[in-house]
Structures are given as C-alpha cells and as structure tokens.
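First the structure, in the form of structure tokens, and then the observations on it.
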Amino acid sequence: VQLVESGGGLVQAGGSLRLSCAASRNIFSLNTMGWYRQAPGNERELVARFIPSISNTNYADSVKGRFTLSRDIAKNTVYLQMNSLKPEDTAVYYCQANYIWSDYWGQGTQVTVSS
C-alpha cells in the first residue's frame, strides 16, 4: 500500500490546517487508515483512525472535539481537519494504513504550531 500525504505547515495557535492522505488501494480493502504523530523525544502516537469494517473512527483524547477525520472513498483519500491548534500539536504527522495485518506509512509531514 502506498500512501501520499499533503498538507501541513506552520500555523499560529488557534489556527487550522488540513492534511490529506491518498492510498493506492480502496479504503474499504484496508483494516484501518488514519493518522499518527511523533514529536521530538516522544513515541509515535495515534491521532485518529478509521476502521472501515465497522465504519467507526477513533480519536486520541487530546484531539477530540478539535480534529476531524473524513474520507473520500472515490479518491481513496482520508483527510484530517485540525482546528483550534495548540503548540503541543507540533509534530511530524504520518498517514498509516493496515492491510493484511501489515502497517504501511506515509513519508510524514511537519505541523508546527507557534504560540
């Protein structure tokens, strides 16, 4: 599975950004598809994940109410709309997909939130 990310950048606290991730396979052929992030010195953590088999989306507690994961099935693309951004959201964001129990990752995109 190939994942191509776009979006990210520098934004002030309280601002918004949208990330996109296009997959080389139909989303509903995947076990999961979503976003993780990794800040310097920290482990990679789940941000939001869509589970196609049950049409359910999970969010990290730290982003609930601020981030929204959506999808365009025809484009095999998921989006992460990030609102009310905080400096602690600064990280490299990675698109992730699980297919036949293997994880696939995008190249990562930097999100920097200035205070």
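Can you tell me which residues in region 77-90 are crowded, with 21+ Cβ neighbours inside 10 Å and without any contact (Cβ under 8 Å) to a residue 60 or more places away in the chain?
Going through region 77-90, the residues crowded, with 21+ Cβ neighbours inside 10 Å turn out to be 78, 80, 82, 85, 89.
Once the filter is applied, which keeps residues that are crowded, with 21+ Cβ neighbours inside 10 Å and without any contact (Cβ under 8 Å) to a residue 60 or more places away in the chain, region 77-90 yields VAL78, ASP89.
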Next item on the list: Inspect region 59-71 for any residue being out of contact with any strand residue (DSSP E or B) (no Cβ under 9 Å at 6 or more places or on another chain), closer than 15 Å to PHE28 by Cβ, without any contact (Cβ under 8 Å) to a residue 60 or more places away in the chain and surrounded by fewer than 19 Cβ atoms within 10 Å (Cβ to Cβ) and give the result as yes or no.
Entry: no
Notebook entry, point to check: Of all residues in region 5-49, how many are among the small types (Gly, Ala, Ser), surrounded by fewer than 21 Cβ atoms within 10 Å (Cβ to Cβ) and under 19 Å from ALA74 (Cα atoms)?
Noted result: 5
Note to self: As an exercise: evaluate THR112 against (1) in contact (Cβ under 8 Å) with a residue 60 or more places away in the chain; (2) farther than 10 Å from ARG37 by Cα; (3) crowded, with 21+ Cβ neighbours inside 10 Å and give the number of the one condition it does not meet.
What the structure shows: (3)
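No lab work stands behind these numbers, since they all come straight from the coordinates. Since the structure is predicted, the reported quantities are computational estimates derived from the model, not experimental observations. Cβ atoms come from the backbone with ideal geometry, glycine included; neighbour counts cover every protein chain shown.
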